[in-house]
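Working notes, structure below.
The values are calculated or read from the model by the stated rules, or taken from the named source; none is laboratory data. Keep in mind it's a predicted model, so treat the numbers as computed, not measured. Every residue, glycine among them, receives a Cβ derived from its backbone with ideal geometry; neighbour counts consider all protein chains shown.
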Amino acid sequence: MSGVINSYRVVTAFIPDRNASNDVFLRAVNVQTTVSYVASGLAKAISHTWRSGRALEMVLETDMYGHTPAAKFFVRHPMLSRLLTWSTIAWESGYPLIYFLPRPLTRLALLGVKAFHLGIAVTMGLPRFLWGFSGAHSAVEYVLDHRGGRR
């Protein structure tokens with residue numbers, strides 16, 4: 001994500017008007033963020049493992065991304081594991097709905113997404129998603145604040 005964002009900044013830096021350059025950059029990062037979430041959600045939606053509701057506990061049991069205490073917890077609580085697994089598919093695939101929510105709810109939704117990424121950072125040892133997407137959320141906030149030409 002960082003490489004893509006940096007590429008957008010380099011390209012938009014050639015726009016002479018600084019405000020226009022910043023606007024295009026932030027909108028491009030926003031689109032990239034949305035595409036990333038939707039693509040991830042749809043990829044999960046076609047995966048038998050994710051649809052079965054067992055993906056979360058299975059990932060947490062791996063050597064590479066595992067977190068033994070969390071894996072054991074979800075094995076003991078399979079309904080919660082299924083709920084979180086299916087919820088991940090739903091929110092990622094449905095991420096574009098954020099653009100139709102009232103502004104106060106969008107802040108809450110983005111806070112929930114940050115909590116999701118924090119959970120991944122802690123349990124799977126993947127903090128780069130927390131930093132990359134949390135940073136990209138600023139572009140989402142910008143677009144949400146400028147919906148319908150409002151400034």
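Side notes on the structure shown:
- Single residue of segment 67-104 satisfying the filter (without any contact (Cβ under 8 Å) to a residue 12 or more places away in the chain and more than 20 Å from the chain's Cα centre (by Cα)) that is farthest from HIS117 (Cα to Cα): ARG76
- Here the condition is being under 22 Å from ALA28 (Cβ atoms) and either surrounded by 13 or more Cβ atoms within 10 Å (Cβ to Cβ) or among the β-branched types (Val, Ile, Thr) (or both); of VAL113, VAL122, it holds for VAL113 alone.
Quick grid of which residues meet (1) at pLDDT 95 or above; (2) of a type in the set (Gly, Ala, Ser); (3) within 21 Å of TYR142 (Cβ to Cβ):
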| residue | (1), (2), (3) |
| --- | --- |
| MET1 | no, no, yes |
| GLY41 | yes, yes, no |
| HIS48 | yes, no, no |
| HIS67 | no, no, no |
| THR88 | yes, no, no |
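- Scanning segment 133-144 for residues that are crowded, with 18+ Cβ neighbours inside 10 Å and either closer than 17 Å to LEU118 by Cα or among the small types (Gly, Ala, Ser) (or both) gives PHE133, ALA136, HIS137, ALA139.
- Looking at VAL31, VAL24, just one residue is more than 21 Å from ALA121 (Cα to Cα), among the hydrophobic types (A, V, I, L, M, F, W, C), out of contact with any Ser or Thr (no Cβ under 9 Å at 6 or more places or on another chain) and assigned to a helix (DSSP H, G or I), and that residue is VAL31.
- Flag if VAL113 is at pLDDT below 95 and β-branched (Val, Ile, Thr): no
- Verdict on VAL38 being of a type in the set (A, V, I, L, M), touching a residue at least 60 places away in the same chain (Cβ under 8 Å) and under 25 Å from ILE5 (Cα atoms): no
- Helices (runs of 4 or more DSSP H) (entirely within segment 34-148) containing at least 3 residues that are of a type in the set (D, E, K, R): 103-124, 127-145
- A search for C-beta distances below 6 Å between a residue of segment 1-29 that is surrounded by 11 or more Cβ atoms within 10 Å (Cβ to Cβ) and any residue that is modelled with pLDDT under 95 and part of a loop (DSSP other than H, G, I, E, B), counting only pairs 6+ apart in sequence or on different chains, returns nothing.
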